[in-house]
Amino acid sequence: MLENLKCFLGTVIIIANCQCVLTQQCVDDLNKFQRDSHLARHFVRMYCHERNCDRTLTNFGVILSKDAVLTSQQVKSGERWTCYVKYGDLEGSISRTGNVPNMIKSRGIQTYKRGPFQSAAFTPLAYILLEEEIELNITSAWPIPYTYYSNESKCVVVGGDKLDRSSKIVEREVELLKREDCESAYPNLDKNNVCITIPKEFCNFKHCDYYSHSAALVCGGVFFALVGEHTSAACNSGEPRTCAGINEAQMWIRAVQETVNFNKDYQSATVMVGLQKPHEIFYGLGAIISRYKVLTAYVPFKSHTSEEGYVDYGYGRSSWRHAKPVTIPSIIHQKDLQLYVLALQEDIHLFPGGAQAVRLAKELPQQGDQCVVGTFKPRWMLLAVTIIDHNECRKTIKNLHEDHLCIRHNFPVTFDELEGGNPIICDGMLTAIATKCDCERNELHPATPIYTFLPWILTSINERGFSSSDQPRIILLLLLINSGVMYVNIFL
């Protein structure tokens, strides 16, 4: 009897002690749960708007480079999102139009995988290309790590201290769940996703309130994942929070980064074309093919009037009064050939490190060739494109001219941002000129191949309005081409 009483009293004491311990472990002190983060310089705040459905989203992102940020955002097919990215002072105001300091508009968004929309079992990654550069003197890019985190590493969530308002970046305590526990909550969990929750000792804190969308999960100092949106419309903090891991997506991120190049390659061989009299109007781009010649697309020039054209080439401006088309297009249309040779009145001074003439392709590009197209909108960049042959292109563009080919952008940026006359470069050669057209979003874009019209281009150089000093070299070039020489360097 006495022994039973001792056991009973001992059990009561143990239970009481456990309840006491549990009560003591439920920490309410916010200062123990969060702290300021030295990683704040890697973050941006974002306001995004979808034009078709008038949806908005406010979240955070991580700076990958001066030209791009990584965030967690789902983009459905056909949606047209525009984001404004604010860096530096994240506690300052954020604008829906970008009219505040250190705020940049997005140029394009590409997502890693497409999953079930608003599914708790899938948290996406999104790569956002920016129109302008982030100033890295007041921020810092966070390179994608090559190393994996250790299972024993301590993890924290680094993100905004407020979900939808001006906020500063803090780091907060977190528990990374085992894979099997995460799959137990979400049986269809994407293999690129992981789960987190609030540590048990902070049981009065809810992840719906304290883990901001696109906050970074950092384990052992390594950037590991981005926190997704709430797992449901009415956030349930009793369920784990899913995050998009970046380990599996590393190759995709690097491949996307390679689709856009901001170096100065071919910029010195590209000009801006327009009319300067009677009124200055910009029409598109062109490629320098010699000191007195520029190749471009459609220009509505009337030689019998007082109109005068211009080309700007970075080191100066030259005027032109003669524009010869390969055919006479009635209107700007995909079915019309758009190829003009412009005769300059003042020569372009070609020199190493300055303006350059581009080399002309001596063969047709092939289906699937990887090339780049140059554009100045909104700044100089080379966009990776894939060549699509005429037959394949006709499946999308019915009235395509028989000599046209097409290009497809490797990054989902609208082709209505191409100016027309853009040089398309394959293996260092001017291979095609992009036509000027009102192309639909992400549609194939028509282009005129150089090789098809190479004899016409070279012959046009020798006609009225061009320097007589070019004649001997043009004759030599024509002889070389007719004799079967496949490589000719054109620096006239």
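The values are calculated or read from the model by the stated rules, or taken from the named source; none is laboratory data. No experiment lies behind these values; they were computed from the predicted model shown. Here the Cβ positions follow ideal geometry from the backbone for every residue, glycine too, while neighbour counts run over all protein chains shown.
Here's the yes/no breakdown for (1) within 20 Å of VAL69 (Cα to Cα); (2) of a type in the set (Asp, Glu); (3) touching a helix residue (DSSP H, G or I) at 6+ places or on another chain (Cβ under 7 Å):
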residue: VAL156; (1), (2), (3): no, no, no
residue: GLU171; (1), (2), (3): yes, yes, no
residue: ASN188; (1), (2), (3): no, no, no
residue: LYS191; (1), (2), (3): no, no, no
residue: GLU201; (1), (2), (3): no, yes, yes
residue: ASN204; (1), (2), (3): no, no, no
residue: TYR211; (1), (2), (3): yes, no, no
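Set side by side, the residues GLY98, GLY92, GLY78 differ, and just one is on the phi < 0 side of the Ramachandran plot, modelled with pLDDT under 85 and either in contact with a Gly (Cβ under 8 Å, 6 or more places away or on another chain) or part of a loop (DSSP other than H, G, I, E, B) (or both), which is GLY92. The set of residues in the stretch 39-67 that are without any contact (Cβ under 8 Å) to a residue 40 or more places away in the chain and either at positive phi or among the charged types (D, E, K, R) (or both) comprises GLU50, ARG51, ASP54, ARG55. Please tell me if GLU248 is outside the structural domain of TYR112 (by the TED database) and either surrounded by fewer than 16 Cβ atoms within 10 Å (Cβ to Cβ) or at pLDDT below 85 (or both). In short, no. The set of residues in the stretch 69-83 that are touching a Ser or Thr at 6+ places or on another chain (Cβ under 9 Å) and surrounded by fewer than 24 Cβ atoms within 10 Å (Cβ to Cβ) comprises GLN74, VAL75, ARG80, TRP81, THR82. Among the residues of the stretch 463-484, are any out of contact with any His (no Cβ under 6 Å at 6 or more places or on another chain), at pLDDT 85 or above and surrounded by 20 or more Cβ atoms within 10 Å (Cβ to Cβ)? Within the stretch 463-484 (the criterion being out of contact with any His (no Cβ under 6 Å at 6 or more places or on another chain), at pLDDT 85 or above and surrounded by 20 or more Cβ atoms within 10 Å (Cβ to Cβ)), the answer is no, since none of the residues qualifies. Taking the criterion of being buried (at least 21 other Cβ atoms within 10 Å of the Cβ) and without any contact (Cβ under 8 Å) to a residue 60 or more places away in the chain, the residues of the stretch 198-234 that qualify are ILE198, HIS207, TYR211, ALA225. Within the bounds of the stretch 298-318, is there any residue that is hydrophobic (A, V, I, L, M, F, W, C), in contact with a Leu (Cβ under 8 Å, 6 or more places away or on another chain), surrounded by 17 or more Cβ atoms within 10 Å (Cβ to Cβ) and under 20 Å from ILE450 (Cβ atoms)? Scanning the stretch 298-318 turns up at least one residue that is hydrophobic (A, V, I, L, M, F, W, C), in contact with a Leu (Cβ under 8 Å, 6 or more places away or on another chain), surrounded by 17 or more Cβ atoms within 10 Å (Cβ to Cβ) and under 20 Å from ILE450 (Cβ atoms).
Taking the stretch 103-131 as the search range and keeping residues that are small (Gly, Ala, Ser) and under 13 Å from the mean Cα position of the chain (by Cα), which one is modelled with the lowest pLDDT? Even if it seems obvious, please write down each step before you answer.
First, pick out the residues of the stretch 103-131 that are small (Gly, Ala, Ser): 106, 108, 115, 119-121, 126.
Remaining after also requiring under 13 Å from the mean Cα position of the chain (by Cα): 106, 108, 126.
Numbers: SER106: 89, GLY108: 85, ALA126: 91.
Among those that are small (Gly, Ala, Ser) and under 13 Å from the mean Cα position of the chain (by Cα), it is GLY108.
For the stretch 213-228, the set of residues classified as of a type in the set (A, V, I, L, M, F, W, C) and out of contact with any helix residue (DSSP H, G or I) (no Cβ under 9 Å at 6 or more places or on another chain) consists of ALA215, LEU217, VAL218, CYS219, VAL222, PHE224, ALA225, LEU226, listed by residue number. Exactly one residue out of VAL271, VAL260 is touching a Lys or Arg at 6+ places or on another chain (Cβ under 9 Å) and at pLDDT 85 or above, and it is VAL260.
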